[in-house]
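Structure, as structure tokens:
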Amino acid sequence: MIYTVIKAIFIAFAVGIRNIFKKRMTLRYPEEKLEIDSGYTFDYKTDTGSPGFKGRHILYTDKCTGCSLCAIACENIADCIDMVRVEGNWPINERSIMPQIDYGRCVFCGFCVDACPFDCLFMTPEYELSVTDKRKLVHTPFQLAVFPEKKGTVKLVPGKRGAHHD
Amino acid sequence: MQVVDQGGDKMVLHVGPQHPGSGHFRIVITLDGDYIIDAKPDPGYVHRGAEKMAEYRTYIQNIPHLERPVIIDATGITLPYVLTAEKILDVEPPERAQYIRMIMAELNRIISHLYWLAIYGIFLGHSTMFMWPMGDRELFIDLAESIGGTRVTFSYVVPGGVRNDIPGGFKERALKTFQYFEKRIKEYEEIFFNNPLMQSRTVGIGILKKQNAVKLGITGPNLRASGINSDTRKDEPYCFYNKIRFDIPVYKEGDSYARCMVRLRELQQSMDIIRQVLDRMKPGPIKHVIRGVMRGEPGEAFVRTEAARGTMFYHIVSNGERFPYRVKISVPSFRNLIGMSHLLVGSRLADMPAIYWSLDYWPVEADK
Amino acid sequence: METFEDFLKRILSILFWLLLLSPVIIFPVFFLLIPLLGISVPTTNEFLTALIDPIKGIQLANKYGVGPSSTFFKIAAFPGFTFAALIATITILYERKLIAKVQLRVGPLYAGRFEGVLQPIADLFKLLGKEIVVPEKADKFFFWSAPILSIGLGAALLAVLPLSPNIYIARSDVSLLIPFAIIGFSPLIVLIAAWASSNKFAFIGGLRALHQLVAYEIPMLISVLGVVILSGSLDLISIVESQQQVWFIFPQLLGAIIFYITILSELERVPFDIPEAETELVSGWLTEYTGMHFGLLQLGVYIKFYALSLLFTLLFLGGWYGPAFLPPLAWLLIKLFFVITIVILPRAVMPRLRIDQLIRLGWVWLIVLSFINLFIAVIEVSLGVI
Amino acid sequence: MSKNTITETKLVKGLKTKFNKQITEEYVEPNRIKISTSPTNLKAVALAIKELGFDQIISQGATDYPDDNLFRVEYHAICVSIKKFRRIMFAIMTTIPKNKPEIETLLDIWPSVEFHEQETFENFGITFLNHPRMERLLLPEDWDDIPPLRKDFSLPGRD
């Protein structure tokens, strides 16, 4: 009885000490960033999406018709999409209105992407959206049209010497 | 347990809602010396009225909204909703979608149980057991993220199927992760579950007898720890759980340690289920396409599934409109809450966290 | 509205002008006023050179009786309080890094170029910058006195602990008993802190600490009696000197284990951190303490940590004895850090015990075992093993 | 009657013979039974169902029908201890008038219904007679509006 108790205590210590020599699991965030392959896209014809990260949206301004379906899809979820007037001449967008997204409210569910029948609103792997001013969270259509640059290089890999970012 | 009032001074302690040992809720504990003679749980601090809000949203719009109460078990709470909505909308999801739903549900069960394990570790003062499961949980979150697109709130299961297929190379990644995690489970056992100090804190503490568990309506792993072999996945199989071979871990003791061990075994069992599902899955369509606005037939449906914390129940009444007429959610945490005051009374103050978190009570879920 | 950058600029400009103007103020005082008044203070030259030249500084200090060989220096700097505080600070950092390694984390990383070595200093500045909140219903006098008493108790422990045959503050024939006499006060300080906070959680924590510390001091004292019997002396230096051939941990293994467990309990470390059990008692008797109050209480605990680890080294690990290629002090520090490591390690692998289990362990098991250990020591002496 | 519903039909038949015309069979589907009864008979029916083996309440809720001026109160019972009944969910429905929202509690039959009845009380204003803790559970203590899940309670910014 006492022997098993002492043995179990020693095993616990041994496991603890063994883990000192394993690889660290920590992601050193600002220096290292996670690699995310692609954003979430949706094919309206087959009604299925592609697996991908639901980050900041990307808006193809040349394809947008201003139909407001994304705003309607969002209205009871997060109410974060507003259709705003944009400058310029848009041949297929008669009223020249395009979605403007308030990331202070967005929950990144991606149902606006599912709702878009013109393949013009998708999502990107961009996840670093924090700003120092609340008003800057509202992204205008032109801000949404910019492709994010690829950032991360590391991934969490389970290995023989413990899971680590590689 | 029978408590004898021995006179003397009582101390009333408000544990929570701002207390490291409580969630977003409060337990009012009356102490006589070191013994708890009365414990009154006081939920409601994070009540948002999810049932009322669901009456103002379409069947699709309800999905991101209804997974908020249990974001760490997002599929666990949306899957029964979607199954209920499918009964009302009268759609049948394709076979592959059913399998993917099972993968997501089991991944989410692992994620939720690892979170529980981490908190249980720190509740017993074992800080390593806080860090390890939290770190290993990242692996499973990464797996779920590669399917669902986000890290916690996936909004992934929709009426008619799932939103997207699983990515290529998922099977290899998942198997590699499981292989790694099975080794880690052994280490968890060695450092925590077989640790005599941890056993001295949990064995024989907070015993929930079989008849009491049935009487009080305890559900999920807590019920199975009291010796009742009841699991909705077996009792009333949804998706394709009837095609998968798995055994439900059942422990007879009904104490905190048994509740821990049930969850530890479920981690292993969920991985086995995902392995079998990945073997059985065949290529095919993943969604039954519904065009236009979803309008259910007038009528009602009720469905239960096994979420991480127990049986999740939805009752939806439809009157043919875009919005459901009434959504009743019965969550496992809410039903397990009744066991808390039952178990706490008569135990020591130091056993309060050991009992409280062994029930895996999630205040946000119970408050809805 | 003033932004943070503006604020920094303002502070920096004030500092700049202060630095620029201060020679103008200080130099006239030193060069003109002091000779005029004819006061016997260090000459301006001496003082100013001492400021930048450490050798001159030591000479100056010697002249006024506070040099390295003086009692004041021994108490305040080495081997007294400053040295102990330094070791305590290193211990804090070492503990955080070691625990982090077991938990597959990296621990402090950013303060200081290498592995966060400056983290304790950053923590000190953080604690200094925090507001000291005194609860309205607290007993103000005792609330303030607890941190000071705590650090005073830690410092008093150092009085008779030798670091090598000639580095010590004071030597006494019964120097082993003095630390135990002083440690007896620590439950009192915990109770003062807990009671003065007028907080229920703090009060329960204080009572638990009281139970715990009382339950552990008796086995602690009895377990070292074996060492006393073996060495035949109560003087710490003689005890260490009698370990020249064999360290007492070998004949006194049981006593060493009991002393180790009681150290864990005395320092309220896992698995005996019951008074600070955060899940039920928020932070136990420390709940209401903030800022530098908290820092002083913690520093007191860590100085006690250093003192008790040093005591373990002296009593069981042969103190400063070791192969001659390293100086005695180095051997002592190596052994000391070994002891600190094994005291830290349970925090990574053990959960917390319950107060009734701990009291049973103390009063039932450890007291009996420490008496058995005493008999073992007596038998060993009578058989002439040592 | 399909093969899947033999057990379910038998259960309902047994209840019907026992209570004659006091219960109505709403529907019997595989794994689902729904019966309705009057509030006065509710307790007796519930006791009979419990004696059949349905030992837990999985959910208890109400639905507001302002047009008919009534509440539907529903109890969903499940069985965890008898293996052949575990797949069945048994729903008992009763209707009570909106102007006198009172009903006898089933707490002494199913102790698991305690918090559910409290929740229904605060969400619909239905008083469960003889319930020991008919008080607020989730809503704030100073809630002074009408019960929120009634249809005439409107959300600000909606309708």
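The values are calculated or read from the model by the stated rules, or taken from the named source; none is laboratory data. In this text, all values refer to a predicted model and were calculated from it rather than measured experimentally. Backbone-built Cβ (ideal geometry, glycine too); neighbour counts: all protein chains shown. We work out accessible area using only protein heavy atoms, side chains counted, and drop any ligands, DNA or RNA first. Shrake-Rupley method; radii C 1.70, N 1.55, O 1.52, S 1.80 Å.
Nearest 100 Å² is fine: what is the total accessible surface buried where chains C and B meet, probe 1.4 Å? Accessible area lost upon association: around 2500 Å². Gap in Å between the Cα centre of segment B:151-205 and the Cα centre of segment C:89-113? Computed from Cα coordinates, the inter-centre distance equals 28 Å. Once the C-beta distance of C:Leu326 and C:Arg113 is scaled by a Förster radius of 22 Å, the resulting FRET efficiency is 0.20 to the nearest 0.05.
Within segment A:26-59, the trypsin sites (Lys or Arg not before Pro) that combine a DSSP coil assignment with at most 13 other C-beta atoms in a 10 angstrom radius are A:Arg28, A:Lys45.
Estimated from helical segments only, the mean residue ellipticity of chain C at 222 nm is -20500 deg cm²/dmol, where each DSSP H run of four or more residues counts as -39500 (n - 2.57).
Counting only Cβ charges, +1 for Lys and Arg and -1 for Asp and Glu, the dipole size of the protein assembly as shown around its Cα centre is about 2320 debye. At the listed q of 0.05, 0.06, 0.08, 0.09 Å⁻¹, the Debye profile of the protein assembly as shown, built from one uniform point per Cα, gives log10 I(q)/I(0) equal to -0.42, -0.59, -0.97, -1.15. Angle, helix D:6-19 long axis vs. longest principal axis of chain D, Cα atoms, 0 to 90°, nearest 10? Between the helix axis and the principal axis of chain D, the angle is about 70 degrees. Across segment D:93-110, computed HN-Hα scalar couplings (Karplus, 6.51 cos²θ - 1.76 cosθ + 1.60, θ = phi - 60°) run 10, 9, 10, 10, x, 6, 7, 9, x, 9, 8, 6, 6, 9, 4, 6, 8, 10 Hz from first to last residue, x flagging Gly and Pro. Can you divide the C-alpha Rg of segment B:54-121 by 2.2 N^0.38 Å and report the result to two decimal places? In units of the globular-protein estimate, segment B:54-121 measures up at 1.26. The simple spin-label model puts a point 7 Å past each Cα toward its Cβ; for C:Thr3 and A:Thr61 those points are separated by 2.8 nm.
Converting phi to 3J(HN,Hα) with the Karplus coefficients 6.51, -1.76 and 1.60 and the offset θ = phi - 60°, segment B:224-229 yields 5, 6, 8, x, 10, 8 Hz in sequence order, with x at every glycine or proline. Summarising the strand pairing of chain D, around 75 percent of its internal DSSP beta bridges are antiparallel. Built from the Cα atoms of segment B:263-311, the convex hull projects on average onto 6.0 nm², one quarter of its surface area.
Remark on segment C:179-207: accessible area falls by at least 50 square angstrom from chain-alone to full-complex state for C:Lys200, C:Phe201, C:Ile204, probe 1.4 angstrom. Net charge dipole, segment A:41-144: roughly 200 debye, given to the nearest 20, about the Cα centre with Cβ charges of +1 for Lys and Arg and -1 for Asp and Glu. Along each principal axis, taking the top coordinate minus the bottom one, the Cα set of segment C:226-335 gives 49, 29, 22 Å in descending order.
With a 1.4 angstrom probe, the accessible area lost at the B-A interface totals about 3200 Å².
Converting phi to 3J(HN,Hα) with the Karplus coefficients 6.51, -1.76 and 1.60 and the offset θ = phi - 60°, segment C:246-260 yields 9, 5, 6, 5, 6, x, 10, 4, 4, x, 5, 5, 4, 5, 4 Hz in sequence order, with x at every glycine or proline.
At a temperature of 10 °C and a viscosity of 1.306 mPa s, determine how fast chain B diffuses translationally according to Stokes-Einstein, using the Kirkwood radius over alpha-carbon pairs as Rh; express D in µm²/s, rounded to the nearest whole number. Taking Rh from Cα pairs, D becomes 75 µm²/s. In segment D:35-80, burial by the other protein chains removes 40 Å² or more of 1.4 Å probe accessible surface, compared with the chain on its own, from D:Gln56, D:Ile58, D:Ser59, D:Thr63, D:His76, D:Val80.
With distances taken between every two different alpha-carbon atoms, segment B:281-332 has a Kirkwood hydrodynamic radius of 13.3 Å. Only one residue of D:Thr5, D:Ile103, D:Val45 has its Cα farthest out toward the positive end of the dipole of segment D:3-103, where Lys and Arg carry +1 and Asp and Glu -1 on Cβ, and that residue is D:Thr5. Here the contact order of chain B, divided by its residue count and restricted to Cα pairs under 8 Å and six or more residues apart, works out to 27 percent. Distance between the C-alpha centres of segment A:108-124 and segment B:285-353: 29 Å, rounded to the whole angstrom.
Counting only DSSP H runs of at least 4 residues, each contributing -39500 (n - 2.57), and dividing by the residue count of chain B, the helix-based mean residue ellipticity at 222 nm comes to -14000 deg cm²/dmol.
Averaged over its residues, segment B:11-367 has an accessible area of 28 Å² per residue, based on protein heavy atoms and a 1.4 Å probe. Working from Cα positions, state the angle (0 to 90°, nearest 10) between the long axis of helix A:2-20 and the longest principal axis of chain A. Tilt relative to chain A: about 50 degrees. Taking all protein chains into account, the per residue accessible area for segment A:41-144 stands at 48 Å² (1.4 Å probe). For trypsin sites (Lys or Arg not before Pro), the sites in segment B:161-236 that DSSP calls loop and that have at most 12 other Cβ atoms within 10 Å are B:Lys209.
A simple count of charges around C:Lys97, restricted to other residues whose Cβ falls under 13 Å of its Cβ and scoring Lys, Arg +1 and Asp, Glu -1, yields +3. Distances between placed amide hydrogens fall under 5 Å for D:Ser59 paired with D:His76, all partners being 5 or more residues away or on another chain. If I take R0 = 25 Å and measure r between the Cβ atoms of D:Glu26 and D:Glu51 in this structure, what FRET efficiency does the formula 1/(1 + (r/R0)^6) give, to the nearest 0.05? Rounded to the nearest 0.05, the efficiency is 0.75.
Between the helical axis of C:4-28 and the longest alpha-carbon principal axis of chain C there is an angle of about 70 degrees. Across segment C:83-383, the mean sequence separation of Cα contacts (distance under 8 Å, 6 or more residues apart), normalised by length, yields a relative contact order of 26 percent.
A 1.4 Å probe run over the protein chains yields, for segment C:205-295, 29 Å² of accessible area per residue, whole-number rounding. For D:Arg32, nonlocal amide neighbours, meaning residues 5 or more places apart or on other chains whose placed amide H falls under 5 Å from its own, are D:Met89. Distances between every pair of Cα atoms in segment A:41-144, grouped in 10 Å steps from 0 to the bin holding the largest one, split as 16, 50, 30, 4, 0 percent. Nonpolar atom fraction for the protein assembly as shown, defined as the carbon and sulfur part of the 1.4 Å probe accessible area, stands at 62 percent.
The tail of the calculated P(r) for chain C beyond 30 Å holds 51 percent of all Cα-Cα pairs.
Please give the length that would be gained between C:Thr71 and C:Leu18 if that part of the chain were fully extended, namely 0.36 nm times their separation in residues minus their C-alpha to C-alpha distance (nm, one decimal). So the extension gain works out to 15.4 nm.
Please state, as a whole number in µm²/s, the translational diffusion coefficient that the Stokes-Einstein equation yields for segment B:1-158 at 25 °C and 0.890 mPa s, with Rh defined as the Kirkwood radius across alpha carbon pairs. It comes out at roughly 132 µm²/s. Modelled spin labels at B:Thr30 and A:Asp79, positioned 7 Å past Cα toward Cβ, are 4.5 nm from each other. In a reduced charge model with +1 at each Lys and Arg Cβ and -1 at each Asp and Glu Cβ, segment B:222-368 shows a dipole moment near 500 debye about its Cα centre. Roughly how much accessible area, to the nearest 100 Å², goes out of reach of solvent when B and D pair up, both sides summed, probe 1.4 Å? It comes to approximately 3800 Å² buried between B and D.
Among the listed pairs D:Lys13/D:Lys50; B:Lys215/D:Lys100; A:Lys151/B:Lys282; B:Lys234/B:Lys368; D:Lys21/D:Lys100; A:Lys160/B:Lys171, those with a Cα-Cα distance over 23 Å are B:Lys215/D:Lys100; A:Lys151/B:Lys282; B:Lys234/B:Lys368; D:Lys21/D:Lys100.
Pairs of Cα atoms nearer than 8 Å and 6+ residues apart set the relative contact order; for chain A it is 30 percent. A Förster distance of 35 Å, applied to the separation of the beta-carbon atoms of D:Glu135 and D:Asn69, puts the FRET efficiency at 0.85.
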